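For reference, the structure is listed below as structure tokens.
The values are calculated or read from the model by the stated rules, or taken from the named source; none is laboratory data. Since we're looking at a predicted model, the values are computed, not measured. Heads up, the Cβs are rebuilt from the backbone with ideal geometry, glycines too, and the neighbour counts pull from every protein chain shown. When the accessible area is computed, the model is the full protein with side chains, heavy atoms only, and any ligands, DNA or RNA have been set aside. Shrake-Rupley method; radii C 1.70, N 1.55, O 1.52, S 1.80 Å.
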Amino acid sequence: MRDVAIDSDMIRLGQFLKLADLIDTGGEAKVLISVGDVSVNGEVDTRRGRQLHPGDVVTVRGQSARVA
């Protein structure tokens with residue numbers, strides 16, 4: 001797992017997936033989130049607009065990144 005720094009105190013899940021290079025496009029994020037392939041802190045989350053804060057861990061396709 002790697003830490004990915006953000007510029008503010010929160011970031012939306014769809015944005016974070018792109019920032020962390022866990023996906024290639026926003027469209028890909030939309031699909032993966034909607035079918036339940038993305039988890040936040042170990043729980044599946046289907047909300048693309050979910051707010052993430054430092055310390056949250058996002059996992060997709062076996063790769064994880066932590067909001068820092």
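Do any residues in the stretch 3-16 that are closer than 12 Å to Asp56 by Cα have Cβ atoms under 7 Å from those of residues that are assigned to a strand (DSSP E or B) and of a type in the set (Gly, Ala, Ser), where the two are at least six apart or on different chains, and which pairs are they?
Within 7 Å, the pairs are Val4/Ala65.
Could you please give the count of residues in the stretch 1-56 that are farther than 16 Å from Val67 by Cβ, of a type in the set (A, V, I, L, M, F, W, C) and open to solvent by 40 Å² or more (accessible area, probe 1.4 Å)?
So the count comes out to 3.
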